[in-house]
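The values are calculated or read from the model by the stated rules, or taken from the named source; none is laboratory data. No experiment lies behind these values; they were computed from the predicted model shown. Using ideal geometry, Cβ is built from the backbone for each residue, glycine included, and neighbour counts are taken over all protein chains shown. Ligands, DNA and RNA are excluded from the accessible area calculation, which covers all protein heavy atoms including side chains. Shrake-Rupley method; radii C 1.70, N 1.55, O 1.52, S 1.80 Å.
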Amino acid sequence: MRYAALGGGKRVRPVLTLAVAEMLGARDLDAALDLGCAVELVHASSLVLDDLPAMDDAALRRGRATTHRAFGEDLALLAAFALLNRAYEVVADVARRTPRRRWTGEDLLHHLTAAVGPGGLVGGQALDLAARPEDTGLERLEAIHSHKTGALFVAAAELGAMAADARRKDLEAVGSYAKNLGLAFQIEDDLLDVLATPEETGKDARQDEEKATFVRLLGVDGARQLADELLRFAVESLAPFGRRADGLVALAEFVAAPGRR
Ligand code: GRG
């Protein structure tokens, strides 16, 4: 579990949780940090599962052996389930110790678990496994990745908003930001798969070569354009927050950077 969760990674999702909580004036940033860590544990769990031989069969992740290559498939599976359950335990602990006016512990857990299940990571991965590149168009690709990647970004932002006891309309605004940010992030990930070296990405070369991807469908320039458009939409959702949103705008700029070499 420690190998899978602590071995590097950009920590974009927990940064999102914290930045949203801070922007919306959360008093208890420790609770927000714990919620961000719960999201990161879910993410780490999903990477272990995604790398397994039955899925992507990846050898390299974050610049070193994938968890199953280092510890065996049996322990990797157990670590993935344990990370997922630890994530839910962390959310339940936060709920137990922090009184909140608008959002209950059930709300926190519901938003995270829904992002993992059939309407989130698991559903997106199933759609991805079933997708044949030759008949996967833009709409389907967006559906795959708004589940596989976008849903956890949305949950990360919403948990940050809940930690700040945000009003529903603010929660929806940051959710819309995160949905577009998540999709743009996935497109940048696709761009890196073709433009960057394994030394730069820490992953196997051309891992997505056989898959339906935004770059395969739109080309490098078309994929960049779509990512830019999504990032513009993302930043537009932050208009109600004015300068308080500077941190989230900077996060969108960070997401746009890697595929631009
Ligand atoms: C039950 C948790 C669970 C998942 C089962 C395997 C699976 C379903 C889903 C896979 C989801 C997945 C791996 C999506 C890819 C998302 C993505 C862009 C990953 C790369 O994220 P980065 O760049 O990675 O944030 P680092 O290493 O920086 O943390």
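Out of segment 60-77, which residues are assigned to a strand (DSSP E or B) and open to solvent by 60 Å² or more (accessible area, probe 1.4 Å)? 64 - this is the single residue of segment 60-77 that is assigned to a strand (DSSP E or B) and open to solvent by 60 Å² or more (accessible area, probe 1.4 Å).
Inspect all residues belonging to segment 146-162 and state whether any of them is more than 20 Å from residue 11 (Cβ to Cβ) and open to solvent by 10 Å² or more (accessible area, probe 1.4 Å). Don't jump to the end; show me each part of the working.
Initially, segment 146-162 is screened for residues more than 20 Å from residue 11 (Cβ to Cβ), giving 146-147.
Next cut, open to solvent by 10 Å² or more (accessible area, probe 1.4 Å) only: 146-147.
The answer is yes, given that some residue of segment 146-162 is more than 20 Å from residue 11 (Cβ to Cβ) and open to solvent by 10 Å² or more (accessible area, probe 1.4 Å).
Among the residues of segment 97-145, those identified as open to solvent by less than 70 Å² (accessible area, probe 1.4 Å) and near the ligand (Cβ under 10 Å from one of its atoms) are 115, 116, 117, 120, 121, 123, 124, 125, 126, 128, 144, 145.
The conditions of being more than 12 Å from the ligand (Cβ to nearest atom), open to solvent by 20 Å² or more (accessible area, probe 1.4 Å) and under 19 Å from residue 152 (Cβ atoms) are not met by residue 24. Where helices (runs of 4 or more DSSP H) sit wholly within segment 146-261, those with at least 2 residues that are touching a residue at least 24 places away in the same chain (Cβ under 8 Å), within 16 Å of the ligand (Cβ to nearest atom) and within 20 Å of the chain's Cα centre (by Cα) occupy 151-163, 168-195, 214-236, 246-256. Checked against the criterion of being at pLDDT 95 or above, over 16 Å from the mean Cα position of the chain (by Cα) and open to solvent by less than 10 Å² (accessible area, probe 1.4 Å), segment 7-20 contains not a single residue that satisfies it. Against the numbered list (1) open to solvent by less than 20 Å² (accessible area, probe 1.4 Å); (2) on the phi > 0 side of the Ramachandran plot, residue 57 comes up short only at (1).
Tally time: how many residues in segment 4-26 are in contact (Cβ under 8 Å) with a residue 60 or more places away in the chain and either at negative phi or touching a Pro at 6+ places or on another chain (Cβ under 7 Å) (or both)?
Filtering segment 4-26 down to residues in contact (Cβ under 8 Å) with a residue 60 or more places away in the chain leaves 4-5, 8, 12-26.
Retained after the next criterion (residues that are either at negative phi or touching a Pro at 6+ places or on another chain (Cβ under 7 Å) (or both)): 4-5, 12-24, 26.
Residues meeting the conditions: 16.
Inspect all residues belonging to segment 64-73 and state whether any of them is over 27 Å from residue 164 (Cα atoms) and in contact with a Leu (Cβ under 6 Å, 6 or more places away or on another chain). Yes; the residues of segment 64-73 include at least one that is over 27 Å from residue 164 (Cα atoms) and in contact with a Leu (Cβ under 6 Å, 6 or more places away or on another chain).
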